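J.: Take a look at the following structure, please.
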Amino acid sequence: MYPICRSITGAGVGATLDILDRFVPLSRIHVPSGQRVFDWQVPKEWNIRDAYVKNSAGERVVDFRQHTLHVVSYSTPIRARMSLADLKPHLFSLPDHPDWIPYRTSYYRDNWGFCLTHRALQALVDEEYEVLIDSTLEPGALTMAEFFLPGESADEVIIYTHICHPSLCNDNLSSIAVAIFLAQALRGRARTLSYRFVFAPATIGAIAWLSLNESRVERIKHGFVLASLGDSGRFVYKRSRRGDAEIDRAVEYLLTHDAIGSCEDFSPYGYDERQFCSPGFNLPVGRLTRTPNGRYPEYHTSADDLQFISPAALAESLRVCERICDLLEHNRVYLNVAPKCEPRLGSRGLYSNTGGKNPSEFEHALLWVLNQSDGNHDLLNIAVKSRIDFRVISDAARALMEAGLLRVVQMRARGEK
Ligand code: ZN
């Protein structure tokens, strides 16, 4: 997917979805140019075939075929000859990183431009240049795709990934890959919850998706936006606007328990959690990244390439996503049906009768689950309080259910909306 020129619309998005389709069958949604989506309007579709700046010797000194970042995304078409002075306002480089090409866009303002290394910019001499951007901006559509995995319950987990960036790896091919492999993994499992994966352009895609699905967002019980999951940084989870949603508590628990990352409070800047957490929706949707946007020098430059990400980082990101889903699947609120004094566990085959020196972790977990299951604490809450691994707490709850000592209650844990 790396060489494909993607943008918020255009053939690059379709070509990318064609590749993803080989892994899980996607259903595509096309929103026509001009359609109003809340305060926005779907833009014209942008397509590009070629672009270059040629010097007087006819050599391509900036060449779109060499790197998709060379053209400002959504550049209007141009074919002209001009002096270096006239060309310069349309050239963008990074003086602090003279060998990197910046990533620039001009989605909602008609403009054209080229991005190049600062070294290449400085090498341009004062002569006449031939400039071509063979692009089109025409009525078309914005395309996004979904993969839906039904569970026993209609309650949904939404997993949203932006697909509009061209040749940039961490942002966001990394998360597209993690999302696809997560979808494949969940597909082969029994599921209580339903999962909806959305692959769409940033900002306008999320706005369009919410606009089309406004009447159905009640089903979203948990969600997370995935971005920048391939770099070597520790995980950073940005809480939903609610701050105390089950997804917020779940991810915080996993990152802290394994000491692999940290959490931040919501802020209205970043990726598409901004739309899901706008006050009119206020959905329980957080964001999982490694190093967040703007906090690494390679961000939005050609240095965010295949060398910047690693298979090991991607694999660990996938594992964390699987564990988040696993936790959401198993988190419940139970009620102890024999709450007056401790029930006898030994007679039910749940407790070791051999009188060892210390009860096992599992036996501790049984006691914690029985004690806290008053309808106000979910298993996650008990795992945090007891410092026992959630999976052991969950196994203990299952054993107590099977022994008839617990029943599931629908009441959410305290602090839940
Ligand atoms: Zn980005």
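J.: Calculated from DSSP H runs of 4 or more alone, at -39500 (n - 2.57) each and per residue, what is the 222 nm mean residue ellipticity of the chain, nearest 500? Present the calculation step by step, with values, prior to reporting the outcome.
T.: Numbers: 11 runs with 111 residues, N = 417.
Theoretical 222 nm ellipticity from helices: -8000 deg cm²/dmol.
J.: Okay, next question. Whole number in Å², please: accessible area per residue of the range 45-138, 1.4 Å probe, ligands, DNA and RNA not counted.
T.: Values: 4750 Å² over 94 residues.
Dividing the accessible area of the range 45-138 by its residue count gives 51 Å².
J.: Still on this model: Quick one: which residues, 5+ away or cross-chain, put their amide H under 5 Å from the amide H of residue 71? H built at 1.01 Å from N.
T.: 115
J.: A follow-up question, please. Could you please state how large a percent of the accessible area of the range 333-415 is carbon and sulfur, counting protein chains only and using a 1.4 Å probe? Could the numbers behind the result be given before it?
T.: Numbers: 2400 of 4850 Å².
Ligands and nucleic acids excluded, carbon and sulfur give 50 percent.
J.: Taking the Cα centre of the chain as the origin and placing charges on Cβ (Lys, Arg +1; Asp, Glu -1), which of 296, 132, 259 is farthest toward the positive end of the dipole?
T.: 259
J.: Give me a comma-separated list of calculated 3J(HN,Hα) values for the range 88-105, in order, Karplus coefficients 6.51, -1.76, 1.60 applied at θ = phi - 60°, integers in Hz, x for any Gly or Pro.
T.: The phi angles translate into 3, x, 9, 10, 10, 9, 10, x, 6, 10, x, 9, 10, 9, x, 10, 10, 9 Hz.
J.: Also: Work out, step by step, the length gained on full extension between residue 342 and residue 264: first 0.36 nm times the residue separation, then minus their alpha carbon distance; give nm to one decimal.
T.: 24.1 nm
J.: Restricting attention to the alpha-carbon atoms of the range 259-417, what are Rg (one decimal) and Dmax (integer), both in Å?
T.: 20.9, 66
J.: Shifting gears a bit: Using Cα pairs under 8 angstrom and six or more residues apart, how large is the relative contact order of the chain, in percent?
T.: On the way: 863 pairs, mean separation 62.1, N = 417.
Taking the mean separation of contacting Cα pairs over the length of the chain, I get 15 percent.
J.: Applying a 10 Å radius around every beta-carbon, put 94-106, 156-168 in order of their mean neighbour count, most first.
T.: In descending order of packing, they fall as 156-168, 94-106.
J.: Same structure again: What nm value, rounded to one decimal, do you get for the distance between residue 362 and residue 278 when each label is placed 7 Å out toward the C-beta?
T.: 5.1
J.: Report ³J(HN,Hα) in whole Hz for each residue of the range 368-380, in order, from the Karplus equation J = 6.51 cos²θ - 1.76 cosθ + 1.60 where θ = phi - 60°; Gly and Pro get x.
T.: Those phi angles translate into 5, 5, 4, 5, 8, 7, 10, x, 10, 10, 8, 4, 4 Hz.
J.: Under a point-charge model restricted to the Cβ atoms of Lys and Arg (+1) and Asp and Glu (-1), what is the dipole moment magnitude of the chain relative to its Cα centre, in debye to the nearest 20?
T.: Values: 47 positive and 50 negative charges, 252 e Å.
It works out to roughly 1220 debye.
J.: Stick to Cα atoms and the Kirkwood definition of Rh, then tell me Rg/Rh for the range 89-181. Don't jump to the answer; show the numbers that get you there.
T.: Details: Rg = 19.7 Å, Rh = 17.4 Å.
Computed over Cα atoms, the ratio is 1.13.
J.: Please report the carbon-and-sulfur percent of the accessible area for the range 45-138; probe 1.4 Å, protein heavy atoms only, DNA, RNA and ligands left out.
T.: Numbers: 2120 of 4750 Å².
Roughly 45 percent of what the probe reaches on the range 45-138 is carbon or sulfur.
J.: Using θ = phi - 60° and the Karplus relation 6.51 cos²θ - 1.76 cosθ + 1.60, list the HN-Hα couplings for the range 183-194 in order, rounded to whole Hz, with x at every Gly or Pro.
T.: Going residue by residue, I get 4, 4, 5, 5, 4, x, 10, 5, 10, 7, 8, 9 Hz, with x marking Gly and Pro.
J.: Listed here are the pairs 44/88; 44/221; 221/340; 238/340; which of them are more than 32 Å apart at the Cα? Don't jump to the answer; show the numbers that get you there.
T.: Values: 44/88 27 Å; 44/221 34 Å; 221/340 34 Å; 238/340 41 Å.
Violating the 32 Å limit, Cα to Cα: 44/221; 221/340; 238/340.
J.: Shifting gears a bit: For residue 67, what accessible area in Å² do you get when you roll a 1.4 Å probe over the heavy atoms of the protein chains, rounding to the nearest 10?
T.: 30
J.: If I model a spin label at residue 234 and residue 189 as a point 7 Å from the Cα along the Cα→Cβ vector, what separation in nanometres do I get?
T.: Between residue 234 and residue 189, the label points sit 2.5 nm apart.
J.: Step by step: find N for the range 45-138, compute 2.2 N^0.38 Å, then divide the Cα radius of gyration by it. What's the final number?
T.: On the way: Rg = 12.4 Å, N = 94, 2.2 N^0.38 = 12.4 Å.
Relative to the 2.2 N^0.38 Å estimate, the range 45-138 comes out at 1.00.
J.: What full-extension length gain, to one decimal in nm, is calculated for residue 408 and residue 35 as 0.36 nm per residue of separation minus the Cα-Cα distance? Spell out each step's value before the answer.
T.: Working: separation 373, 0.36 × 373 = 134.28 nm, distance 4.54 nm.
Extra length from residue 408 to residue 35 when fully extended: 129.7 nm.
J.: Quick check on the chain: of the DSSP beta bridges with both residues there, what percent are antiparallel, nearest 5%? Intermediate results must be reported in sequence, preceding the final value.
T.: Numbers: 42 of 66 bridges.
Counting only bridges with both partners in the chain, antiparallel ones make up about 65 percent.
J.: Skipping prolines and chain starts, which residues have an amide H placed within reach, meaning under 5 Å, of the one on residue 61, given they are 5 or more residues away or on another chain?
T.: 53, 54, 55
J.: Please name which of 172, 240, 64 has its Cα lying farthest along the dipole of the chain towards the positive end, using unit charges on Cβ (Lys, Arg +1; Asp, Glu -1) and the Cα centre as origin.
T.: 240
J.: Using alpha carbons only, how many degrees (0 to 90, rounded to 10) separate the axis of helix 390-402 from the longest principal axis of the chain?
T.: It works out to around 40 degrees.
J.: In the calculated pair distance distribution of the chain, what percentage of Cα-Cα distances lie above 34 Å? Write down the numbers at each step before the final one.
T.: Working: 34677 of 86736 pairs.
Within the chain, distances greater than 34 Å cover 40 percent of Cα pairs.
J.: What's the ranking of 170-180, 342-352 by average number of surrounding C-beta atoms within 10 Å, highest first?
T.: On the way: 170-180: 26.2, 342-352: 13.7.
By packing density, highest mean first, the sequence is 170-180, 342-352.
J.: Considering amide H positions built from the backbone, and no H for Pro or chain starts, which residues 5 or more places from residue 375, or on another chain, come under 5 Å of its amide H?
T.: The list, which skips near neighbours in sequence, is 334, 336.
J.: Here's something else I'd like to know. Can you give me the distance in nm between label points at residue 65 and residue 218, each placed 7 Å from the Cα along the Cα-to-Cβ direction?
T.: Spacing of the two 7 Å Cα→Cβ label points: 5.7 nm.
J.: With every protein chain present, what accessible area does residue 266 have (1.4 Å probe, heavy atoms only), rounded to the nearest 10 Å²?
T.: Around 50 Å² of this residue is reachable by solvent.
The values are calculated or read from the model by the stated rules, or taken from the named source; none is laboratory data. From a predicted model like this one, the values you see are computed outputs, not experimental measurements. Backbone-built Cβ (ideal geometry, glycine too); neighbour counts: all protein chains shown. Areas reflect the complete protein model, heavy atoms only, side chains present, ligands, DNA and RNA absent. Shrake-Rupley method; radii C 1.70, N 1.55, O 1.52, S 1.80 Å.
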